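Working notes for the structure below.
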Amino acid sequence: MRQSRRQLRKGRAGMNFSWKRNLIILWIGVFFCSTAYSISIPFLPLFLSSDLGVRNHLEFWSGLAFGITFLASALVSPFWGSLADKYGRKPMLIRSGYSLAVLYLINYFVQDPYSLIVVRLFQGLLAGFVPAEITLVGTNTPEEKTGYALGIMSTAGATGGIIGPLIGGLVSHYYGNRSAFLFSAIVVLVSALIATFWVREENFNRNKARSHVMDDIREARANRVFVTVLGMMGICTFSVMILEPLLTVYVMEMGVQPDRASLSSGIIFSAVGVATVIMAPRWGKLGSRIGFGKVLVIGLVGGAVGNLLQFFTTGYVAFGILRFVYGLFFAAVFPAINAMIVQVTAPAFRGRAFSLNQSAAQIGTMAGPIIGGVLGGWLPIRWIFIINGLALLATAVVVKWSRLEHKLPGAGKSAEKQPL
């Protein structure tokens with residue numbers, strides 16, 4: 001009896017080591033992939049202007065270059081999710097990782113904005129690295145640890161978002177904007193190698209039949225809470241991305257010289273990432289105690305107030321400080337949404353659920369830069385913060401009015417029994 005108890009404890013310790021080890025490796029993979037993205041992408045407006053010769057309608061071209069990638073990704077993401085649930089999430093990591101490395105390298109050679117748009121389109125069609133890693137965390141982590149694990153994973157993207165703009169700003173400043181794409185290609189290649197040799201996938205049945213995308217959408221629509229969460233993801237991603245192509249331009253409007261704009265913008269971009277690293281794990285733990293619906297509301301209200309206050313700033317130092325404060329609250333949003341998806345979906349559907357969640361995020365990511373670019377050419381950029389803040393505040397009211405947080409605890413206890 002004593003020996004069997006020791007074996008049981010040893011088996012549990014092995015299981016705990018397995019998911020924790022996987023979490024660490026996946027964290028590193030997301031960190032490198034997010035770093036690769038943020039080395040070059042935040043500086044697309046400068047690349048378009050100084051390297052590709054775009055002089056007129058820069059806001060529009062910036063929004064289009066951002067948005068086309070995410071439109072393509074939103075359209076194909078359910079297809080990749082269906083393949084992931086059939087063949088595994090690790091093959092999706094390998095596919096997307098190496099594809100992105102090649103496409104970042106091709107960006108280095110483009111000579112006109114039209115070629116850039118085409119390459120960015122293929123980046124969207126072949127993307128999916130980070131969502132596949134998030135799905136692996138959601139399907140290979142004990143249920144009671146999911147909120148904590150997803151909060152930790154949020155820090156990976158945020159840490160990459162800190163390091164990337166700083167590297168990108170330095171590379172752009174000393175070697176030119178084009179060289180940032182070369183650095184991105186090397187870094188995302190590291191992510192692909194990590195996925196190939198060290199990521200493990202367990203709890204996966206390769207003998208089940210592959211689902212059809214339309215069947216997945218019909219099943220998802222039957223789960224009203226899940227559909228609501230998808231809506232939250234789209235809105236919150238839109239809120240972030242509407243400002244993405246405008247922040248560098250806004251920093252230059254504050255009086256920063258163009259030759260210093262990339263470095264100053266990189267520091268300001270990183271402020272939100274620093275805040276997310278500090279707070280995301282804490283929000284994850286708090287959500288496990290008080291409910292992720294409540295944490296989502298706190299994050300939305302804090303993000304709304306942070307955006308509204310940014311309207312009044314006139315100097316880039318104060319602007320960076322406010323971006324940091326905004327990030328402390330908004331860090332609660334995405335870990336809460338991802339944890340809620342785990343709560344309200346069955347494990348067998350979870351890969352497809354996260355792919356649909358990616359589609360919702362990519363629609364917001366696509367619409368945000370395009371609408372932000374259009375509004376930036378029509379309104380003073382500071383008014384975008386007012387629009388953004390009011391939209392987040394309205395979203396928080398909808399979450400409270402729909403009593404979303406009261407619909408989650410039961411779903412979390414019996415996810416297998418939830419209608420899909």
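Among the candidates Val199, Val188, Val130, the residue that is among the β-branched types (Val, Ile, Thr) and either under 20 Å from Ala361 (Cα atoms) or without any contact (Cβ under 8 Å) to a residue 12 or more places away in the chain (or both) is uniquely Val130. Restricting attention to the stretch 10-43, the residues being modelled with pLDDT under 85 and within 17 Å of Val274 (Cα to Cα) number 2.
Being closer than 18 Å to Asn22 by Cβ and either open to solvent by less than 30 Å² (accessible area, probe 1.4 Å) or touching a strand residue (DSSP E or B) at 6+ places or on another chain (Cβ under 7 Å) (or both) is true for just one of Ala132, Ala101, Ala65, Ala72. Which residue is that?
Working: Ala101 fails: closer than 18 Å to Asn22 by Cβ; Ala65 fails: closer than 18 Å to Asn22 by Cβ; Ala72 fails: closer than 18 Å to Asn22 by Cβ.
None of the other options fit; the residue is Ala132.
Within the stretch 44-64, track down each residue that is assigned to a helix (DSSP H, G or I), among the aliphatic types (A, V, I, L, M) and modelled with pLDDT of 85 or more. Listed by number, the list holds a single entry, Leu48. The C-beta contact set for the stretch 151-171 (first residue touching a residue at least 60 places away in the same chain (Cβ under 8 Å), second residue among the acidic types (Asp, Glu) and open to solvent by less than 20 Å² (accessible area, probe 1.4 Å), distance under 8 angstrom, 6+ apart or interchain) comprises Met153/Glu133.
The set of residues from the stretch 35-78 being of a type in the set (S, T, N, Q) and within 19 Å of Trp378 (Cβ to Cβ) comprises Asn56, Ser62.
Taking the stretch 298-342 as the range and being modelled with pLDDT of 90 or more, open to solvent by 10 Å² or more (accessible area, probe 1.4 Å), among the aliphatic types (A, V, I, L, M) and out of contact with any Ser or Thr (no Cβ under 9 Å at 6 or more places or on another chain) as the test, the residues that pass are Ile298, Val301, Val305, Leu308, Leu309, Val325.
When the stretch 251-262 is filtered for residues that are at pLDDT 70 or above, in a helix (DSSP H, G or I) and open to solvent by 10 Å² or more (accessible area, probe 1.4 Å), the ones remaining, listed by number, are Met252, Glu253. Report, ordered by the first and then the second residue, all pairs with beta carbons closer than 8 Å, sequence separation of six or more or different chains, a first member in the stretch 105-124 that is more than 20 Å from Gly168 (Cα to Cα), and a second member that is polar (S, T, N, Q) and open to solvent by 70 Å² or more (accessible area, probe 1.4 Å). Pairs found: none.
To keep it simple, each residue is scored yes or no on (1) farther than 15 Å from Leu23 by Cα; (2) open to solvent by less than 50 Å² (accessible area, probe 1.4 Å).
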| residue | (1), (2) |
| --- | --- |
| Val110 | yes, yes |
| Pro113 | yes, yes |
| Ile117 | yes, yes |
| Gly138 | no, yes |
| Gly151 | no, yes |
| Ile163 | yes, no |
| His173 | yes, no |
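For the stretch 142-179, filtering for residues that are touching a helix residue (DSSP H, G or I) at 6+ places or on another chain (Cβ under 6 Å) and either under 25 Å from Leu328 (Cβ atoms) or charged (D, E, K, R) (or both) leaves 24. The condition (being touching a His at 6+ places or on another chain (Cβ under 8 Å), of a type in the set (Gly, Ala, Ser) and on the phi < 0 side of the Ramachandran plot) is satisfied by just one residue among Gly293, Gly306: Gly293. With respect to the conditions (1) at pLDDT 80 or above; (2) open to solvent by 20 Å² or more (accessible area, probe 1.4 Å), Thr395 falls short on a single one, namely (2). Residues that are modelled with pLDDT of 80 or more and open to solvent by less than 10 Å² (accessible area, probe 1.4 Å) were ranked within the stretch 360-382; the one that is nearest to His57 (Cα to Cα) is Gly372. Identify, please: which residue in the stretch 356-369 is touching a Pro at 6+ places or on another chain (Cβ under 9 Å) and among the hydrophobic types (A, V, I, L, M, F, W, C) and is, among those, nearest to Cys236 (Cα to Cα)? Restricting to residues being touching a Pro at 6+ places or on another chain (Cβ under 9 Å) and among the hydrophobic types (A, V, I, L, M, F, W, C), the top hit is Ala361.
When the criteria are applied in full, Ile278 meets the requirement of being surrounded by fewer than 21 Cβ atoms within 10 Å (Cβ to Cβ) and touching a residue at least 24 places away in the same chain (Cβ under 8 Å). Give me a count of the residues in the stretch 281-296 that are over 24 Å from Phe31 (Cβ atoms), open to solvent by 20 Å² or more (accessible area, probe 1.4 Å) and in a helix (DSSP H, G or I). Matching residues across the stretch 281-296 total 3. The set of residues in the stretch 119-129 being open to solvent by 20 Å² or more (accessible area, probe 1.4 Å) and more than 24 Å from Ala353 (Cα to Cα) is empty.
The values are calculated or read from the model by the stated rules, or taken from the named source; none is laboratory data. Just so it is clear, the structure is predicted and the values come from calculations on it, not from any experiment. A quick note on method: Cβ atoms are made from the backbone with ideal geometry, for glycine too, and the neighbour counts reach across all protein chains shown. Side chains included, ligands, DNA and RNA excluded: accessible areas come from the protein's heavy atoms. Shrake-Rupley method; radii C 1.70, N 1.55, O 1.52, S 1.80 Å.
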